[in-house]
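Structure first, then comments.
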Amino acid sequence: MMIKFLGLDVDANNVMVLGPPLSGKSILVRNIVYEKVLEGFGGIYVTTKDTAEDVLRTMEDVDVKVVDCVSKTIFSDAPDTENIKRVSIMDLTGISVRINAFLEEFWKSGRRDVVMVFDSVSTVLMYLNPQMVFRFLHVLTNRMKSFGAFAFYTVDEGMHDEKVVAMLKQLLSGVIELRDDGNSRFFRYISPSKRMEWRRFDIEGREVVIS
Amino acid sequence: MRLGIPVLDELLGRVPRGKTVTYSIDPEVEGDVFGMQTLYMNLEEGYECAYVTSTMSPESIRNRFKEFGWSVDDFKNFSIVDLYSRYVGAISKERYVVEDPTNLKEIDRIMSRAIEENDLIVFGSLSTILDVCGNETLDYFEEWKDLSKKCVIVSNFTVWPYPNEVLGRVMDLSNAVINIGGIHHRVVLGHYYGILKVDWTDVRGRAVLFKVIKPGGVRAYIPKILVTGPFNAGKTTFVHAISKEAISVDRLGTTVALDHGKVEYKGFTIDIFGTPGQERFDPILRVLGGEALGVILVVDSTKPETFPRAKQMLEKTTKFGLPYVIAANKQDQPKALKPDEIRRLMCLPDDVPIIPTVATEGKGVYEVLDALISLLIGGGYGKLEGKA
Ligand SMILES: Nc1nc2c(ncn2[C@@H]2O[C@H](COP(=O)(O)OP(=O)(O)OP(=O)(O)O)[C@@H](O)[C@H]2O)c(=O)[nH]1
Ligand SMILES: [Mg+2]
């Protein structure tokens with residue numbers, strides 16, 4: 001099983017998107033969802049940094065399901081809609097249940113190609129201890145595998161203990177690394193069976209463009 | 001006091017004061033409604049009830065209750081123990097507020113007061129307190145349990161893949177444990193609950209499938225399994241062999257409507273529907289497939305020429321992603337093909353169970369059901385098991 005985008009052949013169901021703050025992780029994963037949903041994939045976006053409305057504004061005219069872990073955590077309670085389910089970031093069970101509800105919806109409507117984004121794991125690690133976050137990701141990554149979905153989890157480089165990142169890598173067998181040397185941005189994909197060279201990219205508006 | 005959950009109330013009767021009840025919840029199943037329902041039903045009975053929130057704001061909790069049609073604020077006997085607001089730096093006007101929800105000593109001080117002043121305490125998520133405060137939480141929980149001679153403590157506990165010591169301890173600290181599990185097959189297709197442990201009455205394990213209705217809460221229902229297969233394969237015979245009671249509408253030896261039977265199986269009651277085999281009834285297949293939890297495909301092992309039709313029926317009924325097993329029927333006949341040959345001729349993947357049966361003698365029929373149910377119920381996470 002593989003998924004292709006931006007010239008990458010990703011061969012892992014669970015992929016960490018690792019890079020320093022502002023290196024373009026969110027824009028990259030949004031591009032993945034956008035591109036794949038246009039191709040007919042089911043798309044799920046779990047957001048811990050921007051509200052559902054903010055996320056959807058950057059992806060107009062595609063049908064993306066959002067699990068919004070922001071609105072209920074900080075602002076006052078807001079109702080769910082058909083495409084938006086809101087849950088507090090402290091409520092990992094709630095997050096897990098909402099993701100599964102969207103998966104079930106896709107499954108029952110016959111949709112088998114699904115892409116999910118979790119942006120970002122780093123926020124969850126600010127609220128809950130690493131062990132708990134691993135347990136949560138253990139369950140989630142298994143679900144993605146057994147469904148056959150492709151999931152991308154953003155992680156801020158340099159924010160966490162090296163041990164934490166090493167443990168995350170055990171669950172997320174593919175890694176997209178991002179780098180920014182001040183002038184240009186680069187990314188590459190590494191998995192147990194693949195290792196590619198750094199490739200340059202630019203961000204034009206909301207779009208990721210390969211140079 | 002009662003739990004306020006269908007079937008459980010009949011089996012468990014009243015929960016004596018001083019008892020702790022744990023809803024042990026699969027992390028992929030919407031199970032928090034169980035604790036909420038128990039609280040609301042007892043609120044209506046006039047008991048003093050407190051809900052401990054550690055995963056969402058008091059406002060969100062009230063709205064969550066409202067999703068089920070339960071407006072808790074109409075009740076003077078309702079209060080919230082707020083372990084959330086201060087954690088995210090918000091202010092709180094609740095009756096019980098813990099200033100530092102990471103500090104067990106302070107939680108203990110407030111909890112002791114709440115236990116003193118209420119008939120029922122419901123932990124919205126005991127596992128989250130454990131995650132935030134560490135395993136020591138369970139030492140305190142043991143003290144609260146000892147303190148609660150007059151009151152009942154009910155907890156939602158999400159069974160993440162915790163170490164076994166932790167799960168064992170939670171089991172030991174509970175007078176009753178209700179397991180709330182998922183039926184997993186690529187996605188979570190259904191939910192069930194069953195009694196894992198209870199120490200104040202004697203009950204046999206019994207499992208119930210449920211749906212969460214908004215408004216309404218937990219509703220039990222009877223799952224359906226579809227028995228399909230080509231003309232004359234033995235479906236009607238199969239349904240009768242497996243059911244305690246069954247009816248069929250046959251004309252001249254062929255089924256013209258549905259076979260219907262009820263099976264008691266490991267505590268579940270299951271509705272079994274046998275479909276007609278003739279093509280003119282195919283539209284029914286699709287409708288039934290949408291409602292069922294799993295499919296049993298009966299084939300006549302002596303008739304490979306019917307296999308393409310069998311495959312077609314399978315596709316019609318499992319279009320929605322249902323799990324299925326094959327009953328390789330009429331194995332008493334000399335010309336019957338073995339499961340491996342059937343797998344090859346039908347091009348079925350290796351992980352699809354193919355079970356030899358002789359429906360007329362009832363041979364193998366329960367093995368077929370076993371195989372299907374284990375496809376359905378396997379794959380959950382660290383259930384609280386063992387010492388029940
Ligand atoms: N030898 C043998 N005969 C069987 C077996 N199972 C069913 N039969 C016979 O096969 C014939 C058809 O059985 P049914 O159960 O009516 O088949 P069905 O699949 O319901 O048929 P339709 O509803 O017409 O599609 C009957 O004569 C059964 O007695 C078996 O395991 N061995
Ligand atoms: Mg029949």
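The values are calculated or read from the model by the stated rules, or taken from the named source; none is laboratory data. For clarity, every value in this text was computed on a predicted model and none was experimentally measured. Backbone-built Cβ (ideal geometry, glycine too); neighbour counts: all protein chains shown. Accessible surface areas use protein heavy atoms only, side chains included; no ligands, DNA or RNA. Shrake-Rupley method; radii C 1.70, N 1.55, O 1.52, S 1.80 Å.
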- [ ] Springs between alpha-carbon atoms under 10 Å, Gaussian network over chain B: tell me which of B:Ile296, B:Ile91, B:Ile107 tops the mean-square fluctuations.
- [x] B:Ile91
Open item on the list: Filter B:Lys66/B:Lys214; A:Lys4/B:Lys316; A:Lys108/B:Lys316; A:Lys108/B:Lys244 down to the pairs with a C-alpha to C-alpha distance above 20 Å, please.
Closed with: A:Lys4/B:Lys316; A:Lys108/B:Lys244
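Using +1 on the beta carbon of Lys and Arg, -1 on that of Asp and Glu, and nothing else charged, what's the dipole of chain A about the Cα centre, debye to 20? Kindly include the intermediate steps, with their values, before the conclusion.
Working: 27 positive and 30 negative charges, 143 e Å.
Rounded to the nearest 20 debye, it is 680 debye.
How high is the relative contact order of the stretch B:27-126, in percent, with contacts defined as C-alpha pairs under 8 Å that are six or more residues apart?
Working: 148 pairs, mean separation 35.6, N = 100.
Taking the mean separation of contacting Cα pairs over the length of the stretch B:27-126, I get 36 percent.
Just need the relative contact order of chain B here, percent rounded to a whole number, with Cα pairs under 8 Å and 6+ apart. Write out the running numbers ahead of the final one.
On the way: 828 pairs, mean separation 60.7, N = 388.
Computed value for chain B: 16 percent relative contact order.
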- [ ] Compare A:Arg30, A:Arg195, A:Arg179 in a GNM of chain A, Cα atoms joined below 10 Å, and give the one with the largest fluctuation.
- [x] A:Arg195
- [ ] Note down the relative contact order for the stretch A:98-156 as a percent, whole number, built from C-alpha pairs under 8 angstrom at least six residues apart.
- [x] 51
Task: GluC sites (Glu not before Pro) restricted to the stretch A:1-98 and DSSP loop, no more than 13 other C-beta within 10 Å - done: A:Glu39, A:Glu60, A:Glu82
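Counting Lys and Arg as +1 and Asp and Glu as -1, each charge on the Cβ, what is the dipole of the protein assembly as shown about the Cα centre in debye, to the nearest 20? Don't skip to the answer; put the middle values down first.
Details: 73 positive and 82 negative charges, 308 e Å.
Result for the protein assembly as shown is approximately 1480 debye, rounded to the nearest 20.
Using Stokes-Einstein with the Kirkwood hydrodynamic radius over Cα pairs, what translational diffusion coefficient do you get for the stretch B:1-130 at 4 °C and a viscosity of 1.567 mPa s, in µm²/s rounded to a whole number? Before the final figure, lay out each step's value.
Working: Rh = 15.1 Å.
Rounded, D is 86 µm²/s.
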Task: Estimated FRET transfer efficiency (B:Arg344, B:Ser374; beta-carbon r; R0 22 Å; 0.05) - done: 0.40
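Rounded to two decimals, what is the ratio between the C-alpha radius of gyration of the protein assembly as shown and 2.2 N^0.38 Å?
Working: Rg = 26.3 Å, N = 599, 2.2 N^0.38 = 25.0 Å.
So the Cα radius of gyration is 1.05 times the expected 2.2 N^0.38 Å.
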Open item on the list: Ignoring everything except DSSP H segments at least 4 long, calculate the 222 nm mean residue ellipticity for chain B; use -39,500 (n - 2.57) per segment, divide by total residues, nearest 500.
Closed with: -9000 deg cm²/dmol
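Remind me, what semi-axes does the stretch B:113-229 give for its equivalent ellipsoid, largest first in whole Å, using sqrt of 5 times each Cα gyration tensor eigenvalue?
Numbers: eigenvalues 188, 61, 43 Å².
The three semi-axes for the stretch B:113-229 are 31, 17, 15 Å.
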Task: Pairwise label distance in nanometres, B:Glu142 with A:Glu177, each label 7 Å out on the Cα-Cβ vector - done: 4.8
Task: Descending semi-axes in whole angstrom, ellipsoid equivalent of the stretch B:8-215, from the Cα gyration tensor - done: 24, 19, 19
- [ ] Pull out the extension gain between A:Met126 and A:Asn83, defined as 0.36 nm times the separation in residues minus the alpha carbon to alpha carbon distance; nm, one decimal.
- [x] 12.8 nm
- [ ] Starting with the highest mean, order B:164-172, B:323-331 by the number of other Cβ atoms within 10 Å, averaged over the residues of each peptide.
- [x] B:323-331, B:164-172
- [ ] State the percentage of accessible surface on the stretch A:3-210 attributable to carbon and sulfur atoms; use a 1.4 Å probe and exclude ligands, DNA and RNA.
- [x] 48
Task: Residue-span extension gain [B:Val352 to B:Ile91] - 0.36 nm each, minus C-alpha spacing - done: 88.4 nm
Task: Largest-first principal axis extents, alpha carbons of chain A, Å - done: 43, 37, 33
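State in Å² the accessible area per residue of the protein assembly as shown; use a 1.4 Å probe, count heavy atoms of protein chains only, and round to the nearest integer.
41
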Task: Size of the stretch A:1-99 as Cα extents on the principal axes (Å, biggest first) - done: 42, 30, 24
Task: Threshold 20 Å², the stretch B:170-197 residues less accessible with all protein chains present than alone (1.4 Å probe) - done: B:Arg186, B:Val187, B:Val188, B:Leu189
Open item on the list: Could you tell me the extents of chain B's C-alpha atoms along the three principal axes, largest first, rounded to whole Å?
Closed with: 76, 40, 39
- [ ] May I ask which residue of A:Leu128, A:Phe147, A:Ser191 lies farthest towards the positive end of the charge dipole of the stretch A:109-211, with charges of +1 (Lys, Arg) and -1 (Asp, Glu) on Cβ and the Cα centre as origin?
- [x] A:Phe147
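Can you tell me how much longer the chain between B:Lys76 and B:Lys224 gets when fully stretched, taken as 0.36 nm per residue apart minus their C-alpha distance, in nm with one decimal? Before the final figure, lay out the partial values.
On the way: separation 148, 0.36 × 148 = 53.28 nm, distance 4.28 nm.
Roughly 49.0 nm would be gained on extension.
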Task: Label-to-label distance, nm, for residues given as A:Arg206 and B:Gln278 (7 Å Cα→Cβ offset) - done: 5.7
